[in-house]
Amino acid sequence: MKICVLGNSFCIALGMGWDELRVFYPEISMSIFFSPGRSILNTEIRGSKIVPTDKRVLEYFQQSSSWQGEIDVAEFDRFLVYGLHPVPPSIQNDRAFSRAVRLAAYKERVKTCPVLPFIERLRSVTDAPIDFMMNPYPALPADCDPVPVVEFLREDIEVTTQLWNELLNVRFVPQPEETLIEGNRATKLEFAKGEYSKPDDPDAPPMIDLRHMNAAFGKVSVARYLDGLAGLV
């Protein structure tokens, strides 16, 4: 099976995870194309190809894959679009809202999702299965107290799955449960990218990245995703 992964910088963790896992999945190939922020939206469909309309996107596609930048959709059996869909905030208290309000919020989040036009373009040229994963939930420092929402996490998955399936026949894939702080919309700190230095100022105090994840997160995410595909066959 040839899988094409498309997304933003959150895909880096998936790539690191796949590098560790590929030997265990000899029947699967995974090509990952990403560019920062929302820049992947600067693409268009030409025939059966996704073609960057921005030089920076073309360069990132070439760096992140062995391909030459243009993606021939017909070459792949399945697609995973990753990121570009904000997750509900960790401090959101769902108990303060009625179910009707929550459902309206879900619909609005999908309707205004930045990646929606991209998936619509992709769907227009392929009948292959398309899977979708949101941005990972940010990791929280140890001194932060998130709002427990265990029952609403289930609602997140159920409603989002239904909406994406009805809209474009896209399968929603939730963040692996073992990467989350139990009962919360937050990733365990051990999966965060952590400290890093500014490239332009190496002597500055290290920054802490709680939004992007590490190779361990990518490994769990890719493994759960691929194992889930086996159950669809």
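So how many residues does the range 74-123 have that are modelled with pLDDT of 90 or more and farther than 29 Å from Thr43 by Cα?
0
Could you tell me whether any residue of the range 51-65 is modelled with pLDDT of 90 or more, part of a loop (DSSP other than H, G, I, E, B) and surrounded by 18 or more Cβ atoms within 10 Å (Cβ to Cβ)?
no
Only one of Glu44, Glu27 is open to solvent by 30 Å² or more (accessible area, probe 1.4 Å), modelled with pLDDT of 90 or more, over 19 Å from Met213 (Cα atoms) and assigned to a loop (DSSP other than H, G, I, E, B); which?
The conditions single out Glu27.
If only one of Pro141, Pro148, Pro205, Pro174 is at pLDDT 85 or above and part of a loop (DSSP other than H, G, I, E, B), which one is it?
Only one candidate qualifies: Pro174.
Give all pairs with beta carbons closer than 6 Å in which a residue from the range 159-178 that is on the phi < 0 side of the Ramachandran plot meets a residue that is crowded, with 19+ Cβ neighbours inside 10 Å and among the charged types (D, E, K, R); count only pairs at least 6 apart in sequence or on separate chains.
The qualifying pairs are Arg171/Asp131; Val173/Asp131.
Mind checking which residues of the range 129-141 are open to solvent by less than 20 Å² (accessible area, probe 1.4 Å) and not aromatic (Phe, Trp, Tyr)?
Selection gives Ile130, Asp131, Met133, Pro136, Ala139.
The values are calculated or read from the model by the stated rules, or taken from the named source; none is laboratory data. In this text, all values refer to a predicted model and were calculated from it rather than measured experimentally. Cβ atoms come from the backbone with ideal geometry, glycine included; neighbour counts cover every protein chain shown. We work out accessible area using only protein heavy atoms, side chains counted, and drop any ligands, DNA or RNA first. Shrake-Rupley method; radii C 1.70, N 1.55, O 1.52, S 1.80 Å.
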